[in-house]
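Remarks on the structure that follows.
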Ligand SMILES: [Zn+2]
Ligand SMILES: [Zn+2]
């Protein structure tokens with residue numbers, strides 16, 4: 001059921017509103033790995049049938065997947081990435097990279113990647129299209145764009161994090177999809193890019209419920225994405241800061257932002273946030289390249305390493 005709320009305009013919000021859900025992320029990833037039939041998605045994601053149906057419907061409605069008859073005149077449907085969906089490849093590559101680098105790959109996720117053009121095991125790397133320099137949180141500057149402001153947005157109710165049996169005891173170990181495929185987790189992380197570190201400030205920036213924010217912060221700290229810093233002794237109060245592992249999620253957020261600006265801005269609408277690459281002072285336009293030969297990566301020139309090869313690169 002859709003409801004609306006007033007929030008600070010952000011392209012990342014819009015992207016996460018469409019694909020910020022664990023199942024949607026897994027479906028998109030499997031579509032890039034060749035899945036197209038309902039049963040294939042089901043076997044590869046382990047999604048319950050109803051959940052899978054509803055997420056596939058949502059991705060079709062949002063223009064990320066399109067449905068085709070699997071056989072001429074047949075009743076069976078298959079699902080394929082549209083140009084808008086194919087354009088999510090950079091964000092998928094960056095998510096895989098983060099999972100591999102930080103030992104947080106999703107179940108059945110790629111354990112390593114090979115660039116078939118140079119033949120080498122590699123890690124996809126985000127670079128600036130203008131100057132070729134690497135892109136990281138510190139290499140970029142953020143300021144308000146001409147489209148900054150508040151907007152009324154329809155918010156889909158996809159905020160439930162994957163529940164784990166250990167929820168009440170030890171915080172769950174999260175994988176890359178928990179970090180990149182959960183709407184609230186993504187939004188909480190993105191407040192860091194604007195220098196927001198305290199609980200109350202994060203809460204008011206996002207209009208997030210206290211219990212959801214507490215839960216996400218707990219997961220982010222437990223998984224080494226945020227670290228707590230004491231700023232008041234009694235009662236003890238903490239600020240939340242990105243760790244190195246957390247900062248390494250930045251290219252993923254940027255990939256989503258660039259995707260949203262390309263596909264989700266309405267006609268005549270200007271971007272709410274401008275990101276500048278410090279090295280060349282140009283508005284960021286990013287490409288994802290092979291860490292070994294620096295050539296652009298495409299779904300056609302990336303293959304996966306098998307799990308047993310993995311130790312060799314580690
Ligand atoms: Zn640059
Ligand atoms: Zn290469």
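For every residue, the table says whether it meets (1) modelled with pLDDT of 95 or more; (2) within 29 Å of residue 9 (Cα to Cα); (3) surrounded by fewer than 19 Cβ atoms within 10 Å (Cβ to Cβ); (4) within 16 Å of ligand 2 (Cβ to nearest atom).
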residue	(1), (2), (3), (4)
108	no, no, yes, no
118	yes, no, yes, yes
124	yes, no, no, yes
128	yes, yes, no, no
148	no, yes, yes, no
152	no, yes, yes, no
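Within 15 Å of the chain's Cα centre (by Cα), surrounded by fewer than 19 Cβ atoms within 10 Å (Cβ to Cβ) and assigned to a helix (DSSP H, G or I) - does that describe any residue in the range 82-100? For the range 82-100, residues within 15 Å of the chain's Cα centre (by Cα), surrounded by fewer than 19 Cβ atoms within 10 Å (Cβ to Cβ) and assigned to a helix (DSSP H, G or I): present.
Going through 273, 208 one at a time, which residue ends up being modelled with pLDDT under 95, away from ligand 1 (no atom under 16 Å from the Cβ) and in contact with a strand residue (DSSP E or B) (Cβ under 7 Å, 6 or more places away or on another chain)?
Values: 208 fails: in contact with a strand residue (DSSP E or B) (Cβ under 7 Å, 6 or more places away or on another chain).
Unique residue meeting the criteria: 273.
Residues in the range 245-298 that are part of a strand (DSSP E or B), farther than 18 Å from residue 143 by Cβ and more than 16 Å from ligand 2 (Cβ to nearest atom): none. Give the residues of the range 114-133 that are within 23 Å of residue 305 (Cα to Cα) and either within 14 Å of ligand 1 (Cβ to nearest atom) or assigned to a strand (DSSP E or B) (or both), sorted by residue number. Correct list: 114, 115, 120, 121, 122, 124, 125, 126. For the range 188-215, the set of residues classified as in contact with a helix residue (DSSP H, G or I) (Cβ under 6 Å, 6 or more places away or on another chain), in contact (Cβ under 8 Å) with a residue 40 or more places away in the chain and within 19 Å of residue 138 (Cα to Cα) consists of 190 only.
Give me the pairs, please: first residue somewhere in the range 35-59 and in a loop (DSSP other than H, G, I, E, B), second residue anywhere and crowded, with 19+ Cβ neighbours inside 10 Å, beta-carbon distance under 6 Å, and either six or more positions apart or on two chains. Final answer for the pair search is 35/41; 36/79; 47/23.
Of the candidates 77, 29, 67, the single residue that is free of Cβ contacts under 8 Å to residues at least 60 places away in the same chain and touching a helix residue (DSSP H, G or I) at 6+ places or on another chain (Cβ under 6 Å) is 67.
The values are calculated or read from the model by the stated rules, or taken from the named source; none is laboratory data. None of these values were measured; they are calculated from a predicted model. Virtual Cβ from ideal backbone geometry, glycine too; neighbours counted across all protein chains shown.
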